[in-house]
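In what follows, a single structure is set out as structure tokens and then discussed.
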Amino acid sequence: LNPKFTINNTVVVVSSAELAGVSIRSLGEKVASLKAQRNEIIAALDLLFTGI
């Protein structure tokens, strides 16, 4: 439900249960892409919304 990833030698956790919309203006510079972890992120969201 909370996949972990390493970005610039820092472990970050995607807290699916705290998902929220954020204005692009409030974001800083792009530092990484989680495109390769798409399936893992979608699986966490599936678990959150459907329980499977």
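Scan region 26-42 residue by residue and report those that are free of Cβ contacts under 8 Å to residues at least 24 places away in the same chain and either of a type in the set (S, T, N, Q) or closer than 25 Å to Asn9 by Cβ (or both).
If the condition is that a residue be free of Cβ contacts under 8 Å to residues at least 24 places away in the same chain and either of a type in the set (S, T, N, Q) or closer than 25 Å to Asn9 by Cβ (or both), then Ser26, Leu27, Gly28, Glu29, Lys30, Ser33, Lys35, Ala36, Arg38, Asn39 are the ones that fit.
Looking only at region 1-36, which residues are over 9 Å from the mean Cα position of the chain (by Cα), within 16 Å of Leu48 (Cβ to Cβ) and either assigned to a helix (DSSP H, G or I) or of a type in the set (S, T, N, Q) (or both)?
Ala17, Glu18 - these are the residues of region 1-36 that are over 9 Å from the mean Cα position of the chain (by Cα), within 16 Å of Leu48 (Cβ to Cβ) and either assigned to a helix (DSSP H, G or I) or of a type in the set (S, T, N, Q) (or both).
Take the residues in region 1-28 that are modelled with pLDDT under 95 and of a type in the set (D, E, K, R), then tell me which one is surrounded by the most Cβ atoms within 10 Å (Cβ to Cβ).
The qualifying residue surrounded by the most Cβ atoms within 10 Å (Cβ to Cβ) is Glu18.
The values are calculated or read from the model by the stated rules, or taken from the named source; none is laboratory data. Keep in mind the model is a prediction, meaning the values are calculated, not measured. Cβ atoms come from the backbone with ideal geometry, glycine included; neighbour counts cover every protein chain shown.
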